[in-house]
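The values are calculated or read from the model by the stated rules, or taken from the named source; none is laboratory data. Nothing here was measured: the structure is a model prediction, and the numbers come from that model. When we count neighbours, we look across all protein chains shown, and the Cβ atoms used for this are built from the backbone with ideal geometry, even at glycine.
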């Protein structure tokens, strides 16, 4: 790997031994901002909407360091709805604060 003029490659790290199994704390990834108040949400939306209130298993594929020193994990995980019928696979950067070892 070559070094860019700004040294960007130094801010990436591969987990030793392959992907790192983690718990992804979804409220830390998708913070609820009180949109809609939660009271007037139809039952069909409550059942079929993605459940971002739980922790789910995932894998950190690569670490990236942000400008402020925080580490972000390029993380693979799935988010489902409360009925358990639908699942969405995601790969995205997640703050180290929302990740815990499994």
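Kindly indicate the residue of the stretch 1-24 that is over 23 Å from residue 85 (Cβ atoms) and modelled with pLDDT of 85 or more and also surrounded by the fewest Cβ atoms within 10 Å (Cβ to Cβ) among those meeting that condition.
18
Checking residue 75 against (1) buried (at least 16 other Cβ atoms within 10 Å of the Cβ); (2) in a loop (DSSP other than H, G, I, E, B): exactly one of these is not met. Which one?
Every listed condition holds for residue 75 apart from (2).
For every residue, the table says whether it meets (1) modelled with pLDDT of 90 or more; (2) under 12 Å from the mean Cα position of the chain (by Cα).
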residue	(1), (2)
38	no, no
43	no, no
61	yes, yes
64	yes, no
67	no, no
